[in-house]
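Below you'll find the structure, written out as structure tokens, and then a few comments.
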Amino acid sequence: MKAAFHTLGCKVNQYETEALCRQFRQQGYEIVEETEFADVYVINTCTVTGLADRKSRQYIRRMKKVNPESIVAVTGCYVQMKPEEVADIEGVNLTVGINEKHRLIEYIEKFLKERKAQTHVLAYEELNDYEEMGPVTAVEDRTRAYIKVQEGCNRFCSYCVIPFARGNVRSRPVSHILEEAELLLAKGYKELVLTGINTALYGAEAGFYREEGAPDGIEQVIERLDRLPGEFRIRLSSLEPAVVNAEYVKRLLSYEKLCHHLHLSAQSGSDRILKAMNRPYGRQEYLDIVKALRDYEPEYGITTDLIAGFPGETEEDFQDSLRLIEEVGFGRVHAFKYSRRPNTKAAAMEGQIPEPVKKARSQILMEAGEEACQRFLEQNRGKVRRVLLEEYKEEQRALTGYTDNYIRVYLPAEEGQDSELDGLINNFRDVRLTEPFLDGMKGEFLVY
């Protein structure tokens, strides 16, 4: 049988889809592209915004059209939050929630026997165990691999539906993470990205086993990975300032293999809005973390998320977010319009911002973020960084890869050097950054 997959949303969803592909292959399925004729279509959905829900519905209908006789299985956060709504979409055969994905093949086999639509969604109160889907080593990227380390979130930010969709914090045992990391390194991957719903909450749940003398939180994972032999690097997909502080990140700076880049989701630069968001830190605490990183290295890469148009956001609050972009000097800013989500406190708040205002403010934040990015790139002009070379871009006639502080670098490469280029890809090289270019910088190899 042939199976095709489509993934919406975050890196965790992408990781889980890779895990499902591995399971399907082991059971004899042939994995094909989503545009191809398949017997089974799996849509791994997102629900972080209303737009994500809409895109999920669109892809469900689109994939059924490729083969009207196919089995359509829908899983992910949208299913967990609105199982009846998803099950009612024409053509859906299986709706499978969080913590049930690992049983998807079992449910498909049951459907083939009974030919009856099924819904398998656990209640929020039942989402208590980490869903182990086995080591994920069959990733498409030749150089970078993601490792999921935890599931769930208990922060309940007032705008966010994800704690309801993903459940309480469940952390993956360190031994399982190390096993997957060692398999990936043996396959030749040179960058391991630690990901989860809220990686900063790793090990925070009651009863989680921690070795005597081991560090707290995600640091215990980084510490063990940092000890593994070989030339590779570790990157954190994100770290919540709601959980860590300046002293904590100072400790992270001691790990040799950890990239000099952190994604710190600010969400707002206004203390008043941060409090309304239920973010347990203020503007100054955020800036203290930034100072700790930049005192260590002025070119330390910091990226962030910002929400425009949160309920009650005044022009002054919005200007605080703009000033935060200026003060921090982010390497990249992801700006989003506030999206009213069911079950969240913010959905019932007074002072909902009109859509045109949200759109205008998000556009201004994106433009300010792009200006900050250009300043950060200029700050790196002439610097020497270690780059992991990932691929050859024909259009630019250049090898590309990322620095440890998360700058994409383009290195001119001549045509007709295929064998030599292949020898460079998936290897580290010291590179001098020469000038901003496209979404990153041009570079030149150092000659020793």
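Scanning segment 314-337 for residues that are open to solvent by less than 10 Å² (accessible area, probe 1.4 Å) and part of a loop (DSSP other than H, G, I, E, B) gives a single hit, F330. Has segment 342-354 got at least one residue that is among the small types (G, A, S) and within 30 Å of L253 (Cα to Cα)? Checked segment 342-354: no residue is among the small types (G, A, S) and within 30 Å of L253 (Cα to Cα). For A346, the conditions (1) open to solvent by 10 Å² or more (accessible area, probe 1.4 Å); (2) more than 30 Å from V387 (Cβ to Cβ); (3) assigned to a helix (DSSP H, G or I); (4) of a type outside the set (F, W, Y) all hold with the exception of (1).
Any residue at all in segment 202-214 that is open to solvent by 10 Å² or more (accessible area, probe 1.4 Å), in contact with a helix residue (DSSP H, G or I) (Cβ under 6 Å, 6 or more places away or on another chain) and of a type outside the set (F, W, Y)? Before the answer, list the steps.
Just the residues of segment 202-214 that are open to solvent by 10 Å² or more (accessible area, probe 1.4 Å), to begin with: 203-214.
Narrowing the set further to residues that are in contact with a helix residue (DSSP H, G or I) (Cβ under 6 Å, 6 or more places away or on another chain) leaves 214.
Checking the rest, the ones that are also of a type outside the set (F, W, Y) come to 214.
Yes: segment 202-214 contains one or more residues that are open to solvent by 10 Å² or more (accessible area, probe 1.4 Å), in contact with a helix residue (DSSP H, G or I) (Cβ under 6 Å, 6 or more places away or on another chain) and of a type outside the set (F, W, Y).
Examine segment 252-275 for a residue that is β-branched (V, I, T) and closer than 22 Å to D404 by Cα, and state whether such a residue exists. Taking every residue of segment 252-275 in turn, none turns out to be β-branched (V, I, T) and closer than 22 Å to D404 by Cα.
If you go through segment 267-280 and keep only what is in a loop (DSSP other than H, G, I, E, B), in contact with a strand residue (DSSP E or B) (Cβ under 8 Å, 6 or more places away or on another chain) and touching a residue at least 60 places away in the same chain (Cβ under 8 Å), you end up with M277, R279. Screening A145 on (1) small (G, A, S); (2) part of a loop (DSSP other than H, G, I, E, B); (3) crowded, with 21+ Cβ neighbours inside 10 Å shows it passes everything except condition (2). Taking segment 155-173 as the range and being in contact with a Gly (Cβ under 9 Å, 6 or more places away or on another chain) and either more than 29 Å from G50 (Cβ to Cβ) or assigned to a loop (DSSP other than H, G, I, E, B) (or both) as the test, the residues that pass are G167, N168, V169, S171, R172. Just a yes or no: is a residue in segment 244-254 open to solvent by 10 Å² or more (accessible area, probe 1.4 Å) and among the hydroxyl-bearing types (S, T, Y)? Within segment 244-254 (the criterion being open to solvent by 10 Å² or more (accessible area, probe 1.4 Å) and among the hydroxyl-bearing types (S, T, Y)), the answer is yes, since at least one residue qualifies. Scan segment 379-424 for residues that are closer than 13 Å to D439 by Cα, outside any strand (DSSP E or B) and at pLDDT 95 or above and the total you get is 2. Does segment 218-225 contain at least one residue that is more than 20 Å from the chain's Cα centre (by Cα), in contact (Cβ under 8 Å) with a residue 60 or more places away in the chain and either part of a loop (DSSP other than H, G, I, E, B) or at negative phi (or both)? Looking through segment 218-225, none of the residues is more than 20 Å from the chain's Cα centre (by Cα), in contact (Cβ under 8 Å) with a residue 60 or more places away in the chain and either part of a loop (DSSP other than H, G, I, E, B) or at negative phi (or both). Among residues of segment 60-84 that are touching a residue at least 12 places away in the same chain (Cβ under 8 Å), those with a Cβ under 6 angstrom from a residue that is in a strand (DSSP E or B) and open to solvent by 10 Å² or more (accessible area, probe 1.4 Å), sequence gap 6+ or separate chain, pair up as P83/T119.
Of the residues making up segment 94-122, those that are more than 25 Å from the chain's Cα centre (by Cα) and free of Cβ contacts under 8 Å to residues at least 24 places away in the same chain number 7.
Return yes when R54 is under 23 Å from A165 (Cβ atoms) and out of contact with any helix residue (DSSP H, G or I) (no Cβ under 9 Å at 6 or more places or on another chain) and no when it is not. Show your work before the answer.
On the way: under 23 Å from A165 (Cβ atoms): yes; out of contact with any helix residue (DSSP H, G or I) (no Cβ under 9 Å at 6 or more places or on another chain): yes.
Answer is yes for this residue.
For the residues L194, L122, the requirement of being farther than 30 Å from D88 by Cβ and either open to solvent by 30 Å² or more (accessible area, probe 1.4 Å) or outside any loop (DSSP other than H, G, I, E, B) (or both) singles out L194.
Picking from residues in segment 143-166 that are of a type outside the set (A, V, I, L, M) and under 17 Å from Y15 (Cα atoms), the one that is farthest from the chain's Cα centre (by Cα) is T143.
Within the option set T195, T137, T119, being of a type in the set (S, T, N, Q) and at pLDDT below 95 holds for one residue only, T137. Suppose the filter is modelled with pLDDT of 95 or more, crowded, with 20+ Cβ neighbours inside 10 Å and part of a loop (DSSP other than H, G, I, E, B); does F376 pass it? So F376 fails the test.
Going by what's in this entry, would A87 be described as under 17 Å from Y41 (Cβ atoms) and either open to solvent by 30 Å² or more (accessible area, probe 1.4 Å) or modelled with pLDDT under 90 (or both)?
Against the criterion (under 17 Å from Y41 (Cβ atoms) and either open to solvent by 30 Å² or more (accessible area, probe 1.4 Å) or modelled with pLDDT under 90 (or both)), A87 qualifies.
Among residues of segment 354-369 that are farther than 11 Å from V333 by Cα and of a type in the set (V, I, T), those with a Cβ under 7 angstrom from a residue that is open to solvent by less than 90 Å² (accessible area, probe 1.4 Å) and part of a loop (DSSP other than H, G, I, E, B), sequence gap 6+ or separate chain, pair up as V357/G309.
The values are calculated or read from the model by the stated rules, or taken from the named source; none is laboratory data. In this text the structure is predicted, and so the values were computed from the model without any measurement. Virtual Cβ from ideal backbone geometry, glycine too; neighbours counted across all protein chains shown. Calculation scope for accessible area: heavy atoms of the full protein, side chains included, ligands and nucleic acids excluded. Shrake-Rupley method; radii C 1.70, N 1.55, O 1.52, S 1.80 Å.
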